[in-house]
1. Can you tell me how many residues within segment 167-181 are within 22 Å of the chain's Cα centre (by Cα) and at pLDDT below 80?
2. Can you list the helices (runs of 4 or more DSSP H) lying wholly within segment 251-360 that have 3 or more residues being among the aliphatic types (A, V, I, L, M), modelled with pLDDT of 80 or more and loosely packed, with under 13 Cβ neighbours inside 10 Å?
3. Whether any residue in segment 206-227 is under 30 Å from Ala358 (Cα atoms) and at pLDDT below 80 is what I want to check.
4. Given the structure, is Glu34 loosely packed, with under 15 Cβ neighbours inside 10 Å, charged (D, E, K, R) and modelled with pLDDT under 70?
5. Go through segment 404-419 and report how many residues are touching a residue at least 60 places away in the same chain (Cβ under 8 Å) and assigned to a helix (DSSP H, G or I).
6. Take the residues of segment 317-341 that are of a type in the set (S, T, N, Q) and without any contact (Cβ under 8 Å) to a residue 12 or more places away in the chain: which is farthest from Met387 (Cα to Cα)?
7. Return yes or no: is Lys459 in contact with a Leu (Cβ under 8 Å, 6 or more places away or on another chain), charged (D, E, K, R) and modelled with pLDDT under 90?
8. Pairs needed: first member in segment 42-63, outside any helix (DSSP H, G or I); second member anywhere, of a type in the set (Asp, Glu) and open to solvent by 20 Å² or more (accessible area, probe 1.4 Å); C-beta distance under 6 Å; at least 6 residues apart or different chains.
Amino acid sequence: MPPKTPRRTGAAARSQRASPDSGSAPPPVAARLEIGEAEFVALCDALRAPDGVRERAWKTYESLSAADGAPAYNKKKKETWGLCIFIVAIDLDEMTFTFTELLKSINISVCTFFQFLKEVDVNMDTVSTKVDSTVSRLKKKYDVLLALYHKFERTCGLIYLEQPSSELVFLTFNMFAGKVLQVEDDLVISFQLLLCVLDYFIKLSPPAMLKEPYSKDFMTVNGSQIDTDTKVIEVLCKEHDCNLDEVMPDFSIFFFEMEVLSKQYDELYRNNKDIDARLFLDHDETLQPDVIACSQLERTPIKTAMNNIQQLIMILNSATDKPSDTLIIYFNNCTVNPKDSILRRVETLGHIFKKKFAEAVGQGCAETGSQRYKLGVRLYYRVMESMLKSEEERLSVQNFSKLLNDNIFHTSLLACAVEVVMATYGRNASQSDGTSAETDLSFPWILSVFDLKAFDFYKVIESFIKAEPSLTREMIKHLERCEHRIMESLAWQSVSNAFKCYLSLCNNMVITLHNFIGKIEISCTVFFFYYRTFVLHLHAVFWGLL
């Protein structure tokens with residue numbers, strides 16, 4: 001490991017850069033509106049809040065003071081002021097401070113701030129979806145950074161006999177992730193990037209610093225290691241259950257001189273106005289998790305994510321990237337052989353997926369998109385074969401020409417398979433309870449990529465689940481949530497005439513049955529039996545209209 005570049009760093013330097021009064025902060029404006037109490041004005045000055053934010057933030061605070069929870073807010077005046085400034089600044093698009101600067105100014109941790117906002121939201125009607133979206137992004141980024149930093153500390157302990165310049169390594173990772181990734185809460189890709197950074201620094205480290213197996217099988221030149229192939233990254237991937245094909249980025253765009261790198265990261269962090277990850281290195285109390293977060297951390301989200309991915313890969317290892325011999329027989333039995341159109345569709349959608357994935361995540365991750373699509377294609381062929389076998393047994397037929405030449409069926413089935421892969425990779429640090437976190441790549445992202453209607457996707461989900469018995473409980477729940485989301489909201493985004501008719505019939509049916517049950521003596525069991533039967537018939541009519 002190269003020695004540290006002489007510079008002014010350490011806890012004192014990081015403390016200074018985290019202060020809202022340091023760095024590039026402009027001098028206080030002379031003519032400011034003196035709104036609110038003196039300490040509120042001082043806080044606004046420290047955060048460089050413009051007049052519009054100050055006025056509205058104070059009014060928001062006054063409305064909170066008049067609410068039921070006023071005594072609690074009066075005890076936490078500074079925290080409440082900071083929260084009001086934060087909310088208003090987001091709504092007005094006038095964020096003049098970073099999230100870390102806000103936390104430092106009101107002396108509160110990330111977890112405490114989020115909890116306090118949740119409590120305030122109960123007594124407040126002004127928390128907008130814009131604020132909710134920003135807070136959700138910050139929560140996810142914090143969860144991922146926290147999990148990655150703890151994994152980073154433990155992994156360094158397994159690699160090095162003596163601790164290297166951890167600040168340089170972690171800073172390099174955060175700079176690289178900020179430059180390469182556009183999706184900040186993708187735990188798997190972020191961890192893969194961390195392995196790449198470790199790979200880079202292991203190769204620069206003197207062998208005497210390294211534990212086995214990292215100290216073996218490398219050539220050394222002038223005391224530094226030069227690997228002749230991909231041995232280091234292979235070992236790292238094996239140790240952490242990662243796919244080697246996905247973990248191969250290029251570091252040539254970076255300068256690893258500490259002072260330059262620190263300035264680059266500082267610029268990136270201030271532009272994003274979010275969390276200063278450098279404070280993890282000092283175990284700064286601002287970024288320390290609370291008891292709940294600690295318990296989540298003990299569940300090792302990275303290990304869980306990697307295990308889920310490995311389980312999926314093991315299932316698909318026996319599958320192929322092309323139709324199996326069994327599928328070819330089914331294709332040949334069709335009146336019109338669908339093989340060529342199926343292969344063309346898979347190839348065309350593959351190009352589209354790779355392009356959209358790179359646009360969403362970052363151009364440096366285009367190959368990662370290819371690897372995920374490849375797994376999706378394998379699952380698609382596997383499920384298709386299972387579905388056809390099941391239908392053959394049920395119907396005693398082998399000619400599925402109409403189904404296998406249906407473009408919407410194939411696009412929907414492939415989208416469902418790719419969604420399972422994406423959801424498996426996309427489970428991040430905040431998903432230890434099995435719920436689906438929103439990311440740029442989460443459902444319904446796949447619908448826009450494949451230009452697919454939500455209802456067409458909906459129609460294959462149940463068959464997909466039945467045809468793939470190896471799906472994990474989490475993936476089944478994920479697909480069921482996709483179903484619910486389609487029925488609750490996505491279906492309304494593009495309402496066909498048939499669906500309008502269906503909704504009208506359902507509405508009239510509910511009104512009729514409600515009036516009916518009030519006029520006759522009938523048990524709830526009998527009522528709901530007839531109700532459910534009628535709904536099922538309505539579904540059948542509706543799907544026939546499509």
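The values are calculated or read from the model by the stated rules, or taken from the named source; none is laboratory data. Because the structure is predicted, anything quoted here is derived from the model rather than measured. No Cβ is skipped: glycine too gets one built from the backbone with ideal geometry, and neighbour counts run over all protein chains shown. What goes into the accessible areas is simple: the full protein's heavy atoms, side chains included, and nothing from ligands, DNA or RNA. Shrake-Rupley method; radii C 1.70, N 1.55, O 1.52, S 1.80 Å.
1. Matching residues across segment 167-181 total 5.
2. none
3. yes
4. The answer is yes for Glu34.
5. Matching residues across segment 404-419 total 8.
6. Asn317
7. no
8. Pro50/Glu94
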